[in-house]
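To start, the structure under review is shown below, and the notes come after it.
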Amino acid sequence: MRLFLEGLRRFPAGAQYQLHVLFKGFPDRQSLDRAQSLFKDVAFNSVEVDDFGYDIGSYLKAARQTPNRRLVFLNTFSVVRSANWLAHLSRALDRPNVGIAGATGSWLARPTSYEVQVLLILNSFGRTATRLFNHDKTAQSDDVASQAAPRPVTTMRQALRYACAPVTYLNILRNYSRYPNPHIRTNAFMIERELFLSLKFPRLTTKEQAYQFESGRRSMTNQIIARGLRPVVVGRDGKIFDIEEWQRSSTFWENEQENLLVSDNRTCDYAEATPEFKRLLENLAWRHPRSWQYPISWQNA
C-alpha cells in the first residue's frame, strides 16, 4: 500500500480522476482507521467491502457503488511507474473498438506447464535411449539418465499427483485454452463501467474461479473479444499494443520490462529472478511448448 501511494504521489496522472480505495475485510474499527490514515494527505472515497470474492469480487462491488463512467482497477501490489499513466490508458480506450486497456497482458496458458513436463519426460528418455543405442559406457549412460530424467517419486503425495495428472490436465483444459491464450492481466486495467458490469462473473468463491475470470475460456478478455472489441496493452511510453504485439511491448516478462507502466508482484518476481528462472517465465508467457529449448530444468527454475 505504501509503494502504491508513493507511485501516486511521485507520478502525475495526466488526467483528472476520483480515487476510490477499497478497504477489504478489516476486523475492527481501529485497524480500519489505521489503514485509512495512510491516505490522510490524499483525497479519496472510502469503499468498505467484506473479505469475499478476491480482487475481482471487490472490483465488482466497487463498480456497482461508484458513478464514474470509466474505471481503472489497481490491486494492493500495483505501483505506478510513469508520469501520465492515466492519460495513456484513457487515450488507448478512446481508440476505435478498444474495450479494455491494460498495463500488462500475456499469452500464458494454464495447460502449458503439463504439456512441457510431458515433453521433458519424453526428451529425457530420448536422450538416454540415444546414448544407449550409441553404445556409450554404462557409467556414462547412467550419469546422463540421472541428470536428464525426472526426479524419482519419493512420497505418496508425489505418486498421487503423477497418477492424477491426466485427469488434472483434462480438467484444466476444460476451463483454460491452450497456448496462445491472450488475456489482459487484472493487476492494472481501464474499462468502461457499463461494459465491466455487463460481463458474466463466476461465483468467485475460490482462487481458481478468480484465475478463470482473468485467463480462462470465459475470461474477461475473451468476453470482450466476443463483442468485437479489442484488448490492448499500454506502455509507459504511451504506445498502444494489440495482441500480436504484446511480446514486443517490453512490459511483461520480456527483456527488462523497461516499458512497464504499472508494476506488480509478478513483474517484480521477473525483475529479481535468476537468468534461468527468467527464461522459464519468458517461455511460459510467450512461447509455444514445442519452441522451448530443451533440456530445461523445470524443477530447479
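No value in this document is a laboratory result; all are computed from the given coordinates. Everything numeric in this text was worked out from a predicted model, so none of it was measured. In this analysis, Cβ positions are derived from the backbone assuming ideal geometry, glycine residues included, and neighbour counts consider all displayed protein chains.
Note down the net charge around Leu195, summing +1 for each Lys or Arg and -1 for each Asp or Glu among other residues with Cβ under 11 Å from its Cβ.
+2
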Virtual spin-label span in nm between Asp242 and Phe39, 7 Å along Cα→Cβ:
3.8
By how many nm would the segment from Val47 to Ser31 grow when fully extended, if each residue of separation counts as 0.36 nm and the alpha-carbon distance is taken off?
4.3 nm
What FRET efficiency would be calculated for the residue pair Arg95, Arg64, taking the C-beta separation as r and a Förster radius of 25 Å, to the nearest 0.05?
0.40
Need the list of lysines near Lys24 for cross-linking: C-alpha distance under 19 angstrom, and skip anything on the same chain fewer than eight residues off.
Lys40, Lys61, Lys207
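Mind checking Rg over Rh on region 178-267, alpha carbons, Kirkwood formula for Rh? Before the final figure, lay out the partial values.
Values: Rg = 13.5 Å, Rh = 14.1 Å.
Radius of gyration over Kirkwood radius for region 178-267 works out to 0.96.
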Segment Arg193-Thr206, length gained on full extension (0.36 nm per residue, minus Cα span)
2.3 nm
With label points built 7 Å along Cα→Cβ from the Cα atoms of Arg178 and Val118, find their separation and express it in nm.
0.8
Quick check: residue separation of Glu256 and Ala226 times 0.36 nm, minus the Cα distance between them. What number comes out in nm?
7.5 nm
What ranking, highest mean first, results for peptides 196-203, 35-42 when packing means the other Cβ atoms within 10 Å averaged over each residue?
196-203, 35-42
Space enclosed by the convex hull of the alpha-carbon atoms of region 1-101, per residue, Å³
108
